[in-house]
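The values are calculated or read from the model by the stated rules, or taken from the named source; none is laboratory data. In this text the structure is predicted, and so the values were computed from the model without any measurement. Positions of Cβ are backbone-derived with ideal geometry, glycine not excepted, and every protein chain shown enters the neighbour counts. Just the protein is used for accessible areas: all its heavy atoms, side chains included, with ligands, DNA and RNA removed. Shrake-Rupley method; radii C 1.70, N 1.55, O 1.52, S 1.80 Å.
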Amino acid sequence: MSAFLEIRNLSARLRDTGERVLRSVSLEVPVGAVQGLVGESGAGKSMIGRAVLGVLPKAVEIVEGEILLEGRDLLKAKPSERRRLIGTRTALIPQDPLTALNPSRRIGPQITDRLVDILGWEKARATARAAEILAEVDIPQPERVMRLYPHELSGGMRQRILIASAFAAEPKLIVADEPTTALDVTVQKQILHLISQMQARHGTALLFVTHDLGVVAKICDSLSVLYAGKVVEETTVQKFFAAPQHPYSAALLAATPRHTDAGASLEPVPRAVLDAVSAEIAADDASWRRHG
Amino acid sequence: MVEALFRIEDLRVDVPDMTRKPLFGAAPRLEILKGLSFDIPRGTVLGIVGGSGSGKTTLGRALVRLIKPSGGAIAFDGKDITHLSDEAMRPLRRRIQMIFQDPMSSLNPRLTVGRIVGAALGLRSGDRRVSEALEQVGLPAAFVRRYPHELSGGQRQRIGIARAIAMRPDFILADEIVSGLDVSSQAQVLNLLQGLVKELGLTLAFISHDLSVIRRLCGRVIVMQAGAIVEDAPTEALFEKPAHPYTRELLDAIPSPDPSIRW
């Protein structure tokens, strides 16, 4: 069994209303693979990434399921063990490079802190590693950049720094949460190429959260399509774009604009498809309540 | 030759560059728009595309005279509006409408939909023209009693459109109006806009950073880079044979939902 991350039957709900926000989600990310999580806003794709990293919002509680990292269940592990596993094996590339970096601190310490505090490295070793990894993501003059503040850098540069920071400790899994949504298309392309390269070179598995099926087609190996916290389709990228199986994911693909063909009209997801998938989810919830 | 609704000649906008202001005397000027010229013929949809910082939003705001150009001329329906005062612009405002990027911050959260759409007309929410506008954007008339927070993103954006078309304008400026929406709502809003353009004979300027959205809707596209127009071409020609390297770069960078196309 070579899945690095395996999520089994993960369900979560809101503490106050009891509404289910994740519905028996199962997925696997093999070592070194890129798994896309796709869906519209509110589908729960970021929620899954956050659950893996152990940073769910306080309002959400996990009610059942397993999150296995190298075969060990994070949800059953002692808090100290869980923190150690997540801290040493995983990292995050966040969406917004401006809010993810502390504006009042220099770049250098923001990368080395994690290496020193969590991995217990010597300061000098951490600094050397930060410079090395910044050079790897094509930041010119890394030593100089480490002394700068975030506002002195462009959006693309800041995103590169966050990528470097994520790879610095050689994690086995990186959760990338819409890492290019805030960027221009031309910069987005560079950044995605960079993420792919780094991922392949370091053999890191990626859980790639995005709403953009175009991005999925370019960088993922397989994907899970989410609707209302339920995985409606899990398949490989090749199969999905050749022939999506679930009516909802097919409709989502049909609604995605393509600049390459002029004639095709854009179809919003039809009412009937939404009704059908909602009915599916209601039936699911009913049987879940009977068991639970 | 179709009569142009907008005629823009050598349009310039600059702002004082306060970061380089000397202790005494005026700050040097920073050019945002560097002499743009183009027409928008009646009944056409013009796409304005460019990266962030290319000046596309500034161009839109200058068109509708939310900012004052520092040079050049803007003629709307044959009338020079380049230097009109706010007072003198007012009678034209009804004919020039805007739809904004973020419907959550451009719709007053304390007003009902009916009052938002009716406000500019000085109408009460029960007025027929309000429900007519809602109907045109595909929302039930019962929505007049709802508040913006009760609606989805796509519905809110349609309220923004309803507010604009309720004024029966000649021209609408739409600035990144689908960037914040999911693809399904995006398709709905684009189809709706396409229908309204035909039905009402609207002239539309559609600002977007997303060329695949532009292809859906626009007849002609202006590509902007660093405050200048680098390409101005009919949509089909632009996509089939992009002339400027920057246009090609923009096109190449779009991730198409097709894994077989190399990227």
How much net charge surrounds A:R8 when only the other residues with a Cβ under 14 Å from the Cβ of A:R8 are counted, with Lys and Arg +1 and Asp and Glu -1?
-3
Over segment B:107-168, what relative contact order in percent results from Cα pairs under 8 Å that are six or more residues apart?
42 percent
GNM, chain A, Cα, under 10 Å: largest mean-square fluctuation among A:A59, A:A33, A:A100?
A:A59
Residues hit by the 30 Å² burial cutoff in segment B:204-221, accessible area with a 1.4 Å probe, assembly against chain on its own, are B:H209, B:S212, B:R215, B:R216
I'd like the accessible area for A:K189, computed on protein heavy atoms only with a 1.4 Å probe and all protein chains in place. Round to 10 Å², please.
50 Å²
Enter the mean number of other protein chain beta carbons within 10 Å of the beta carbon of each residue in B:245-252, as an integer.
2
Segment B:120-176: trypsin sites (Lys or Arg not before Pro) in DSSP loop, at most 13 other beta carbons within 10 Å
B:R124
May I ask what percent, to the nearest 5, of DSSP beta bridges between residues of chain B are antiparallel?
55 percent
With both bridge residues required to lie in segment A:3-291, what share of the DSSP beta bridges run antiparallel, to the nearest 5%?
55 percent
Put B:M89, B:M98 in order of accessible area, largest first, probe 1.4 Å, and you get B:M98, B:M89
Near A:P142, within a Cβ-to-Cβ distance under 12 Å, what is the net charge of the other residues, with Lys and Arg +1 and Asp and Glu -1?
0
Per the C-alpha gyration tensor (a ≥ b ≥ c, the square roots of its eigenvalues), segment B:210-263 is rounded if a/c is under 1.5, else prolate if a/b beats b/c, else oblate; here it's prolate
Expressed as a rounded percentage, what relative contact order does chain A have, with Cα pairs under 8 Å and six or more residues apart?
24 percent
Divide by every residue of chain B the summed helix terms, -39500 (n - 2.57) for each DSSP H run of at least 4, and state the resulting mean residue ellipticity at 222 nm, rounded to the nearest 500 deg cm²/dmol.
-9500 deg cm²/dmol
Roll a 1.4 Å probe over the protein chains and send me the accessible area per residue for segment A:208-292 in Å².
44 Å²
Candidates per trypsin sites (Lys or Arg not before Pro) in segment B:172-262, loop by DSSP, up to 10 other Cβ within 10 Å
B:R262
Part-to-part distance (alpha-carbon centres) for segment A:68-94 and segment B:208-263, which is given in Å:
44 Å
Antiparallel DSSP beta bridges within the protein assembly as shown, percent to nearest 5
55 percent
With every protein chain left in place and a probe of 1.4 Å, what is the accessible surface of A:H151, to the nearest 10 Å²?
140 Å²
Heavy atoms of A:L75: accessible area, 1.4 Å probe, square angstrom to 10
60 Å²
Gyration tensor verdict on chain B (Cα atoms; rounded if a/c is under 1.5, prolate if a/b is larger than b/c, oblate otherwise)
oblate
For the interface of chains A and B, what total accessible area is buried with a 1.4 Å probe, rounded to the nearest 100 Å²?
3000 Å²
With all protein chains present and a 1.4 Å probe, how do A:R271, A:R144 order by accessible area, largest first?
A:R271, A:R144
In segment A:167-188, the residues losing 50 Å² or more of accessible area (1.4 Å probe, heavy atoms of protein chains only) relative to their chain alone are A:D184, A:V185, A:T186
Scanning chain A for helices, which whole DSSP H stretches are 27 Å or more long along the axis (Cα) and average -1.0 or more by Kyte-Doolittle?
A:271-291
Quantify, in whole percent, the carbon and sulfur part of the accessible surface of the protein assembly as shown (1.4 Å probe; protein heavy atoms only).
51 percent
How well do other chains shield peptide B:188-194, expressed as the mean number of their Cβ atoms within 10 Å of each residue Cβ?
3
Choice from B:L139, B:L204, B:L84 with maximal GNM fluctuation in chain B (Cα, 10 Å cutoff):
B:L84
Within chain A, longest stretch clear of exposed GluC sites (Glu not before Pro) (DSSP loop, no more than 13 other Cβ within 10 Å)
A:123-292
In a Gaussian network model of chain A with springs linking alpha carbons closer than 10 Å, the residue among A:A168, A:A182, A:A243 that fluctuates most is A:A243
Pull out a ≥ b ≥ c, the square roots of the eigenvalues of the alpha-carbon gyration tensor of segment B:109-263, then state rounded if a/c is under 1.5, prolate if not and a/b is larger than b/c, and oblate in the remaining case.
prolate
Per residue, how much accessible area does segment B:107-168 have with a 1.4 Å probe, in Å²?
49 Å²
